[in-house]
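One structure is given below, encoded as structure tokens.
The values are calculated or read from the model by the stated rules, or taken from the named source; none is laboratory data. Computed from a predicted model, the values in this text were never measured in an experiment. Positions of Cβ are generated from backbone atoms using ideal geometry, with glycine treated the same way; all protein chains shown enter the neighbour counts. All accessible areas refer to the heavy atoms of the entire protein, side chains included, with ligands and DNA or RNA removed. Shrake-Rupley method; radii C 1.70, N 1.55, O 1.52, S 1.80 Å.
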Amino acid sequence: MEHDLHPVSPEFASNTLVTETQYQEQYARSLSDPEGFWSEQAKKYLHWFEDWEKVLSGGFDSLDVHWFSGGKLNVSFNCLDRHLATRAEQPAIIWEGDDPKDSKVINYRELHEQVCKFANVLKHYGVRKGDRVSIYLPMIPEAAIAMLACTRIGAVHSVVFGGFSSEALKTRIQDADCQIVITANEGIRGSKIVPLKHNVDTALKECPNVRNVIVVKRTQNQVAWNSSRDVWYHDAMSQIKTECAPAIMDAEDPLFILYTSGSTGKPKGILHGTAGYLLYAAMTHKLVFDYHDKEIYWCTADVGWITGHSYCVYGPLANGATTLLFEGVPTYPTASRFWEVIDKHKVNIFYTAPTAIRALRREGDDWVKRTSRKSLRVLGTVGEPINPEAWEWYYHIVGEARCPIADTWWQTETGGIMISALPGATPLKPGAAAWPFFGIVPMIIDDEGKPVPDGKMGKLVITQPWPGMLQTVYQNPERFVNAYFKEFPGRYLTGDQAYRDADGYYWISGRSDDVLKISGHRIGTQEVESALIRHQAVSEAAVVAIPDPIKGQSIYAFVTLKVGFHSNDDLKKELVQTVRESIGAIAIPEHIQFTEGMPKTRSGKIMRRLLRKIANNDLTDLGDLTTLADPGVVDEIIRDREIK
Ligand code: WT7
């Protein structure tokens, strides 16, 4: 199937924030004069209590990057207080509950008040500047309120996705040494109950430093209660004052930690700072989504992920936008839900993930066509490559060929969108992430670090610092260097494979490391392997990805049992349960194959490349098997493979 270039419609281009020529000019300027460029943007997008002394210092060679040193500001002030004079009554958050009958609107005045009050609650429970606070909440307004309240007093939040297990929550609370946890008694997604408080109780058995748990009452169901530790959110809020002066923060003070998976070890605590992050989130939100004042903007991500941080909360609120938070799932009560919500709240800009688009496409066009969607103007996608078929469906069926699609490539570490079309400026190519954002210098290199010619696939690196970049890995500067700068010194290694075409469009094909993308969720193969090995029957485990038509990828696990244990379906169920308990449902293997042994090199390394081919039923070109320690095991693994 040929996929045409979709030129920018003149009608759209007549009213866009950036035209194609302006993009070219400003992009060139952002590279030739980065300090001048970012200084102007920082004045335009943010309110500063005190100006910075230096826009940018240091670089990737010495790894001592500093943005806006000496500047003073507060994130909640930028997201709330400064809008009060002009938009106090404008909706800041439109909340759409899991049940279609459940929704509410919170305007800027109300949000400001709630945030100030909750900031005082945090102070009351002993939270001080620099302290870490764990947030384990469903998609309810209190999630945004809790995040902003932390920023008000300079506390560092660590949001943990509500789909993670108590075990995953525990390791994150411990790693960041959080002393306060904010949760809900229960969450509701697709009418199913999520036992959040129960998970917190389990996690806290091994987190002695947690003093208090603040609990939002989302459902009427009872939960276990420890009255010396647990506090109801509504009780705490009912008896607290409304005034709370914003903490004066340094530009480089830590803002939040967010854990994400790498190819080795436990998830890394990605640390983002204050000014650079907020500027980058705000500017990309405005320009990539072509956000016009008063528009209704909806990003379907959960606040447990970076997309939820940058594009549900910080970017939109910094810009004084109306952001829609959705508690539910795309298919509940029906596969029309997204489109019904768009009509109900007159959404203009809609940002979601390819996995959701593919899942809804499979349900048939009728679910879309029975809705109007005439408010829609811009569409976005994020999280994994979007296949051209899904792109075309999104473009033609959802957007009726009227709405440009921003296919936004970025990462937890990058803080904001790095490569994307700008609506109205970029002629679209289905499946291409398109052009670098201002100030971003991508490069495609080979394994030796040499730039490859256009059209050739290679490793995607970024060669210059940008304001949204991570500061470090929390309390692990060595891991920061090793993960991102060691293989190719002086360049930020993204872990993705990509090529650039002759028109300068970047096409991202997926990870080049041992990181999986399951329904857009980032999971390290080693994490799943470690989870499997926790089961007493398991001797060794090797995890690889196989393609999945809806999820993008799914997990195929090879498992060797200890002597005396026998493979059967019950054991498979137990292994699935083990993964569910140590990570969460998002990491459950689709296939588990028991084997007598693993193909290993003579030095003892499992040959994952070979296992990947077998799992994918690709038996061509298996390579030279004579170098294996035990070549015989390969025949058995091939014979017993689950996909034939
Ligand atoms: C990885 C980062 C940052 C947003 C949510 C994911 C993949 C992300 C795209 C895209 C192709 C993409 C990459 C990247 N990815 N967006 N538009 N096209 N791949 O954040 O969990 O940190 O994952 O997601 O592989 O490295 P994340």
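Observations on the model:
Let's see how each residue does on (1) open to solvent by less than 10 Å² (accessible area, probe 1.4 Å); (2) touching a Ser or Thr at 6+ places or on another chain (Cβ under 9 Å):
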site: 102; (1), (2): no, no
site: 113; (1), (2): no, yes
site: 118; (1), (2): yes, no
site: 122; (1), (2): yes, no
site: 127; (1), (2): yes, no
site: 131; (1), (2): no, no
site: 149; (1), (2): yes, yes
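- Restricting attention to the range 298-327, the residues being assigned to a loop (DSSP other than H, G, I, E, B), more than 21 Å from residue 404 (Cβ to Cβ) and open to solvent by less than 10 Å² (accessible area, probe 1.4 Å) number 4.
- Residue pairs meeting the criteria (Cβ under 8 Å; at least 6 apart or on separate chains; first closer than 30 Å to residue 333 by Cβ, in the range 93-121; second open to solvent by 50 Å² or more (accessible area, probe 1.4 Å) and in a loop (DSSP other than H, G, I, E, B)): 96/102; 98/191; 98/332; 99/191; 100/333; 107/89
- Taking the listed residues 241, 294, the one that is surrounded by fewer than 24 Cβ atoms within 10 Å (Cβ to Cβ), touching a helix residue (DSSP H, G or I) at 6+ places or on another chain (Cβ under 7 Å) and not in a helix (DSSP H, G or I) is 241, with no other qualifying.
- Residue within the range 195-206 that is surrounded by fewer than 18 Cβ atoms within 10 Å (Cβ to Cβ), closer than 30 Å to residue 330 by Cβ and under 23 Å from the mean Cα position of the chain (by Cα) present: yes
- Output for the range 446-466, where each listed residue is in a strand (DSSP E or B) and either surrounded by 18 or more Cβ atoms within 10 Å (Cβ to Cβ) or of a type in the set (Asp, Glu) (or both): 458, 459, 460, 461, 462
- Pick from the range 394-423, criterion within 13 Å of the ligand (Cβ to nearest atom) and surrounded by fewer than 22 Cβ atoms within 10 Å (Cβ to Cβ), ranking: nearest to residue 8 (Cα to Cα): 411
- Cβ-Cβ distances below 7 Å connect the following pairs, each with a first residue in the range 40-58 that is in contact (Cβ under 8 Å) with a residue 12 or more places away in the chain, a second residue that is among the basic types (Lys, Arg) and part of a strand (DSSP E or B), and a separation of six or more residues or different chains: 48/72; 49/72; 50/72.
- Here residue 263 meets each of (1) open to solvent by 30 Å² or more (accessible area, probe 1.4 Å); (2) more than 16 Å from the ligand (Cβ to nearest atom); (3) of a type in the set (Ser, Thr, Tyr) with one exception, condition (2).
- Candidates are the residues of the range 148-177 that are assigned to a helix (DSSP H, G or I) and of a type in the set (Ser, Thr, Tyr); the one that is farthest from residue 114 (Cα to Cα) is 171.
- Any hit, the range 373-380, residues being within 24 Å of residue 280 (Cβ to Cβ), in contact with an Asp or Glu (Cβ under 7 Å, 6 or more places away or on another chain) and not in a helix (DSSP H, G or I): yes
- Residue in the range 480-513 that is nearest to the ligand (Cβ to nearest atom), counting only those that are open to solvent by less than 40 Å² (accessible area, probe 1.4 Å), more than 24 Å from residue 272 (Cα to Cα) and aromatic (Phe, Trp, Tyr): 506
- Condition met for residue 426 (away from the ligand (no atom under 13 Å from the Cβ) and of a type in the set (Val, Ile, Thr)): yes
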